[in-house]
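Comments concern the structure below.
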Amino acid sequence: MKIKTFQILILLISFSTSFLFAQKGSPNLHLEIDPAKNVLFQKQSSTLNQAKYYPSALRDINYKSNFDMPVEIALNYLEENGYKFGIKNVGETLRHSSTSEMRAGYRVRFKQIYQNYPVYKSSIVVSINRNNEVVFVANSYKPNISLNQEIAISETEALQISKSHLAISEDVKFLKNEMMVFSHNRNNRLVQKVSFIPQRKNLGDWEFLIDAQSGEIIKAKDQACYFSGLPESGIGWVFNPDPITRSGAEYGDTGFIDNNDNDSDSLSAQLVQVPLQELTLEGGKYSLKSQYASIVDYEAPYTGLHKQDSSNFFFTRSQNGFEATNVFYHIDRSMRYINDTLGISLMPYHYSGGVQFDPHGLNGGDNSWYTSQGYVAFGDGGVADGEDHDVVIHELGHGLHDWLTNGGLSQVDGLSEGCGDYWAQSYKRDKGFMDETHPKYNWVFSWDGHNTFWDGRVSDYGAKYPGGLINQIHTDGQIWATSLMKIYDRIGKYATDINFLEGLSMLNENSSQRDAAFAFIQSDRDNFDGENLDAIFEIFTETGYITDPVTIFITADTTGGPAGLTVNFQDQSLSFPDTITTWEWDFENDGIIDSYQKNPQHTYTEPGLYTVKLTASDGKNSSTDSLLDFISVNDGIFVWEGVKGGVDHSGRYINNLLKELNIQNVYSRSEKLPSSMIGYKAVFLSFGNGSHEITPFNDEMAAVVVEYLENGGNLYIEGGDVLGQNQSGNSQLLNLLGIQSVDNGTSGNHASENLIGQPLSILNNIHFMGSNQIGNSSIDRFQPDGNGLVALIEADYGNVSIQSEGVYGQKSLVFSYAFAELVDNGIPNSREDFLATVIKFFDIPLLLKPRFAKDSQSGHAPFNVNFTDYSFYDESDSSLVWQWDFDNDGLIDSDLQNPQFVYDSPGRFDVKLKLQNDSIQTDTVFNDFIRVFNGESALAFDIQENYVEIQADSGLNITTAYTLEFWINPTDWGKAVTGLGRIFDKGNLSGFLRKTNAGKYNAESFVINMRHESGSSSAYGTPDSSIKLNTWQHIAIAFDSENDSLRVFVNGDLTELSVISSKAVGPVRDNSTAPLIMADALSKSRSYIGALDEVRLWNIARSTTRIQQNWNHYIDPEIDGLIGYWQFNEANGDTLNDLTSNGFDGLIINADWVEGKPDLLPVGIKEDLLKIQATDFKLYANYPNPFNPETVIKYQVGTNSYSPVHVKLIVYDVLGRRVKTLVDKPQMSGKHKVTFNATGIASGVYYYKIQMGQKFSQVRKMLLIR
């Protein structure tokens, strides 16, 4: 016997629908946790979400595009209009998810992303008609997201939290996990989204959002909408549509009751024999599977697939085969109608084949649902759900909604409930069993509802939108279904069904009933040329959806030309029901009305880009729209890009860089090129690259470019497939560009890694070693003709740039990559050099701009630097003078064009170059351009990816015992809220800074983590406030697995450690295959921020005495147990030298050389000897330093000494051992010098100490490099 309860479920999840239902309240409300819902209100031609202040939909757009690809049309629109939805950077925050073709156009869908995580329930849907017009946009974008959050909760932990909330322990079905960003009321969190169906207890289609850091349950929702082989033909018995509608009986009449699913003569009399099309014959068995519907048995009570030997499926309602046959027939019939009759291609996107249905599911309970897997299932409670056509087609309606929107099903205002009700009622009314006078004419669920089990629903609901909404989706959905059925009665089933489905495809998960109404209107315009709009507008006005009857659309006969440009404008605006009677044109967007005519003419006399605004009114209603930079009055330099500010586009960057070069230009915000570019001195066009946001270079654009070049124009044009895809056969254009042939490259990734300027070309000195470009497939390659010259080659790929000068006086440079994404390689290999070279090629004068480079940025005093001038200037100008100030002290140090300078003293130096000719002078200061150190240097790291990597080696396998020492000067705790700046990471051994206290963590402390051979992990932390910012401090860690002891010292003091997780037990797990990373984690996600110096690694646990004796001293690199010693005193370069004989040198990635910690003392030299005791005795820095093999040491004996002073000058090594005595004799006052020859002495740090009688003693450091 079947259990009799009834519910129909739909779960809405981000980007993919889970389950949909239809009527009673959820039995799981006591378990649900749900953030408050937003309230919608209307404003002009959009629906605004009150919590976000951005439209959830824009209609009547008519944004015309001349591009051919729907994705690019959509992207162009969003780049231009993204601000209307709070989108600041389309390329960074939107990801294309799907494009679907409908009868009347395309639906292009984008998901919102933040730092590569999808944003929960956030998307943009752009609808485009067959005229390449954007006509409708649905929006659920969440603007201004910002978060800084740890991921502490794993997928497994999130599932366990969810199951614990439901008090279930058994395995679940259809488990899905995804990390997402949840944004609600300006509260942004990283969450683990978990969805599943329990097997038994608390059955539902559950979705949980679990805070990824704290484990808090943000949302727990059973997102249900409750009801308040070989093709062969067969036949079967069904209810069509249901016994009540067909007979006109009342539930409860003789034989018209459920009676626990038993048969009755009255109900059997309502059985109808119908054809079952394209049944599958497999292994001699017929099954209910066709191209449009397919039986499955996914859920208990698992009644099987009802295969049989005969193609005659004759069952009565007491047999389980009846529901199977009934559901199959109605789903198959409805899908055939959509695909074959209406001509709308629509199938589930989750799987191939027909709509999957389980006629007996949900544990036999009172549920029916459409699931996240794309199938429908029907329970047997009350009247068996699979017996009522309305229930079956209502659930299918949820599926149609999901498939049409590619996972963007919306229950805002109960929209999807209304859709399901309409789709069921549309078929039933067409059967004609009742006329409008019949009391059951507007009933929905006539057999399953309107009885003792539940009240059912109606399609003549009296409430009006939006005031009649009561925040109950099943009830509220009736407003939408009622409106559609009223339209159905006026314009018929065919037009209503098409407009309903095509309109639905324009929407997303945030769409409201009002959004759906305007999409319905647009669908009628697209599919029926608006012939039904009289009735549609009347009904939608009656039911509350219509408030904005005027739509603006502007055209012009020309949009570009030199000053004196006369433009004839035409108004093609739409209005309903009244005719537009007044127009107010603002041709220059200055707030002044320039014309009141319908189709005016205007002459532009001044160069520039002009936005055109029109306000039109029908006497009752008015609307205003603007076309950005619609008119171009040509002069100077024009910059345009297909996607405004788009990824792999260079237009905005070129615009700004030209301004920095003091070259005026105009940047067009229009999605189209002007109709003519004649009059511009130079034009820069950027079309995007590869498969990512590329703008097709269509024939209309090509004609504009050809005209411009044939009139002697100067053109820079870039794009990965700009010519190869669309214009490879346009010989007229290619000839003008100096190109013999072009191909759109080979498949695969062709990122620019070695871009080389070619001899004889304008870019012959340019060399770029990398690019940040995203789209790198199908990169154009060129062969030049007689007028063309290869300008750039991408090594191992081919010719990617051609320069040309032609017979019309035109000049051009074609480039296959995005100029803006090239990685600067320093002057002269910078984008500024690239652009300046192109500008000079176009004969556009460059204003005087000082620029220069140096051969080295940092080193120890005395430090010699060679400067090279790369200034922009007129090379024929003989009056030009160079004036250099190398230390920015206001004094001129050199007047040479390419000088040399020696820095004798440590410091950071700004360098200034002033250029002056007879008419102008200008200067440039490069701040912190030269860094000079006193023999002690360090590396500084920031939040970007910079670190030191020492390759994995068995000699660096730290297991049974170790000592690790280092100096740090942190400027921040790390980029996470809690800090977590990783000082070192060896895989199973790491140390980091902790900012905040939480649990057993101490604030402003150092934490050491270890994973042990035993499988356990340990973590210890130093006391609160034991680590300071902006201060040099020494940390030493000593571990010995023999007694499981761990000691941590800060500035030589042994600290008291806190056990954070568990104590250390046994050796550290093998880490021989892991590199040693300094200043970051192995994952490169935990940057240390600050300076690092003097790192020492031992394979023994040093004693407390040894650590405290030597923490502030240099040590002998060959001391026993020392396996790695990095002093950080190189001062320049990208190699960190290991001073031990092991040679574990490190590769420096992007870190900066800075001043090191205060000088450490060599072993054996006491600190009190470092104090200067008399100011007129001096010991100068040796020169050169570093040196090989000789250096000169100068010193001064006090000028007030009238008798000889005994002078001793001795060289020591880092252990304090005497290396050589240079002076040991009395000397008179004055300056002296001595040469130290280090032939035969090993490389390294040495100290020279001078003693002048009892009056003066000082020690300095020098570096010998072989």
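Taking the range 1031-1054, which residues are closer than 13 Å to E965 by Cβ and part of a strand (DSSP E or B)?
Q1033, H1034, I1035, A1036, I1037, A1038, F1039, R1047, V1048, F1049, V1050
Need a quick list: strands (runs of 3 or more DSSP E) entirely within the range 1187-1266 having at least 2 residues that are exposed (fewer than 14 other Cβ atoms within 10 Å of the Cβ) and out of contact with any Cys (no Cβ under 8 Å at 6 or more places or on another chain).
Here the list reads 1218-1227, 1230-1237.
So which residues in the range 1059-1078 are assigned to a loop (DSSP other than H, G, I, E, B), among the aliphatic types (A, V, I, L, M) and closer than 21 Å to N957 by Cβ?
A1064, V1065, A1074
Of everything in the range 397-439, what is part of a loop (DSSP other than H, G, I, E, B) and under 23 Å from M506 (Cβ atoms)? Give them in sequence order.
Within the range 397-439, T405, N406, G407, G408, L409, S410, Q411 qualify.
Look at the range 288-307 and say how many of its residues are of a type in the set (S, T, N, Q) and part of a strand (DSSP E or B).
1
Looking only at the range 272-291, decide whether some residue is within 56 Å of the chain's Cα centre (by Cα), of a type in the set (D, E, K, R) and at pLDDT 95 or above.
Taking every residue of the range 272-291 in turn, at least one turns out to be within 56 Å of the chain's Cα centre (by Cα), of a type in the set (D, E, K, R) and at pLDDT 95 or above.
How do the pairs read when you match residues in the range 794-816 that are under 14 Å from Q758 (Cα atoms) and among the charged types (D, E, K, R) with residues anywhere that are assigned to a strand (DSSP E or B) and at pLDDT 95 or above, using Cβ under 7 Å and keeping only pairs 6 or more apart or on different chains?
Close Cβ pairs satisfying both conditions: E794/L755; E794/V800.
Could you check how many residues of the range 574-633 are among the acidic types (D, E), assigned to a loop (DSSP other than H, G, I, E, B) and out of contact with any Ser or Thr (no Cβ under 7 Å at 6 or more places or on another chain)?
Within the range 574-633, residues that are among the acidic types (D, E), assigned to a loop (DSSP other than H, G, I, E, B) and out of contact with any Ser or Thr (no Cβ under 7 Å at 6 or more places or on another chain) number 5.
Looking at the range 316-332 only, could you name the residues that are among the β-branched types (V, I, T) and not in a helix (DSSP H, G or I)?
T316
Out of (1) in a loop (DSSP other than H, G, I, E, B); (2) aliphatic (A, V, I, L, M); (3) surrounded by fewer than 20 Cβ atoms within 10 Å (Cβ to Cβ), the odd one out for V643 is which?
Status for V643: all satisfied but (3).
Residues being of a type in the set (A, V, I, L, M) and assigned to a strand (DSSP E or B): count how many of those fall in the range 996-1017.
3
Test each condition in (1) of a type outside the set (G, A, S); (2) farther than 18 Å from N765 by Cα; (3) surrounded by fewer than 17 Cβ atoms within 10 Å (Cβ to Cβ); (4) more than 43 Å from the chain's Cα centre (by Cα) for E875 and report the one that comes out false.
(2) is the only condition that E875 fails.
If you check M335 against the conditions, is it surrounded by 22 or more Cβ atoms within 10 Å (Cβ to Cβ), within 47 Å of the chain's Cα centre (by Cα) and either assigned by TED's automatic domain parsing to the domain that holds D261 or part of a helix (DSSP H, G or I) (or both)?
Answer is yes for this residue.
Suppose we filter S1026, S1014 for residues that are modelled with pLDDT of 95 or more, hydroxyl-bearing (S, T, Y) and either outside the structural domain of S1062 (by TED's automatic domain parsing) or surrounded by fewer than 22 Cβ atoms within 10 Å (Cβ to Cβ) (or both); which single one remains?
S1026
Which ones in the range 1097-1116 are of a type in the set (K, R) and closer than 14 Å to A961 by Cα?
R1102
In the list F867, F819, F841, which residue meets the criterion of being crowded, with 16+ Cβ neighbours inside 10 Å, of a type in the set (F, W, Y) and in contact with a Pro (Cβ under 9 Å, 6 or more places away or on another chain)?
When all the criteria are applied, what remains is F867.
Of a type in the set (V, I, T), more than 21 Å from A384 (Cα to Cα) and in contact with a Gly (Cβ under 7 Å, 6 or more places away or on another chain): is that true of T280 in this structure?
yes
For the range 808-829, give me each residue that is assigned to a loop (DSSP other than H, G, I, E, B) and either under 26 Å from the mean Cα position of the chain (by Cα) or at pLDDT below 95 (or both).
S816, Y817, A818, V823, D824, N825, G826, I827, P828, N829
Could you grab me the full set of residues in the range 549-561 that are at pLDDT 90 or above and surrounded by 15 or more Cβ atoms within 10 Å (Cβ to Cβ)?
T559, G560, G561
Pairs needed: first member in the range 934-960, on the phi < 0 side of the Ramachandran plot; second member anywhere, surrounded by fewer than 19 Cβ atoms within 10 Å (Cβ to Cβ) and charged (D, E, K, R); C-beta distance under 6 Å; at least 6 residues apart or different chains.
E936/D1159; A940/D1152; I943/K975; E945/K1084
Looking at (1) on the phi > 0 side of the Ramachandran plot; (2) outside any strand (DSSP E or B), which is the only condition I1107 fails?
Of the numbered conditions (1) on the phi > 0 side of the Ramachandran plot; (2) outside any strand (DSSP E or B), the odd one out for I1107 is (1).
Would you point out which residue out of S416, S426 is assigned by TED's automatic domain parsing to the domain that holds D388 and over 30 Å from S266 (Cα atoms)?
S416
Can you pull out the strands (runs of 3 or more DSSP E) entirely within the range 908-970 that have at least 3 residues that are under 24 Å from G1121 (Cβ atoms) and among the hydrophobic types (A, V, I, L, M, F, W, C)?
Passing ranges, in order: 961-970.
Identify the residue in the range 136-149 that is at pLDDT 85 or above and of a type outside the set (A, V, I, L, M, F, W, C) and, among all such residues, is surrounded by the fewest Cβ atoms within 10 Å (Cβ to Cβ).
The selected residue is K142.
Tally the residues that are more than 35 Å from the chain's Cα centre (by Cα) and over 16 Å from A952 (Cα atoms), restricting the search to the range 1127-1149.
9
Being surrounded by 15 or more Cβ atoms within 10 Å (Cβ to Cβ), farther than 14 Å from F984 by Cβ and of a type in the set (V, I, T) is the filter here, so list the residues in the range 1040-1084 that pass it.
Matches in the range 1040-1084: V1050, T1055, I1060, V1065.
Looking only at strands (runs of 3 or more DSSP E) that fall completely inside the range 160-216, which ones have 3 or more residues that are surrounded by fewer than 17 Cβ atoms within 10 Å (Cβ to Cβ)?
Once the strands (runs of 3 or more DSSP E) in the range 160-216 are filtered for at least 3 residues that are surrounded by fewer than 17 Cβ atoms within 10 Å (Cβ to Cβ), what remains is 173-184.
Going through A682, A702 one at a time, which residue ends up being assigned to a helix (DSSP H, G or I), more than 29 Å from T93 (Cα to Cα) and among the small types (G, A, S)?
A702
So which pairs qualify, if the first residue must be in the range 706-730 and more than 16 Å from Y817 (Cα to Cα), the second must be modelled with pLDDT under 85 and of a type in the set (D, E, K, R), the Cβ gap must be under 9 Å, and the two must be at least 6 apart or on different chains?
Here the result reads N726/D699; Q727/D699; N730/D699, each pair linking the range 706-730 to a residue that is modelled with pLDDT under 85 and of a type in the set (D, E, K, R).
Suppose we keep only residues that are in a helix (DSSP H, G or I) and at pLDDT 95 or above within the range 708-732. Which one would you say is surrounded by the fewest Cβ atoms within 10 Å (Cβ to Cβ)?
E710
The values are calculated or read from the model by the stated rules, or taken from the named source; none is laboratory data. All of these numbers come straight from a predicted model, not from anything done at the bench. When we count neighbours, we look across all protein chains shown, and the Cβ atoms used for this are built from the backbone with ideal geometry, even at glycine.
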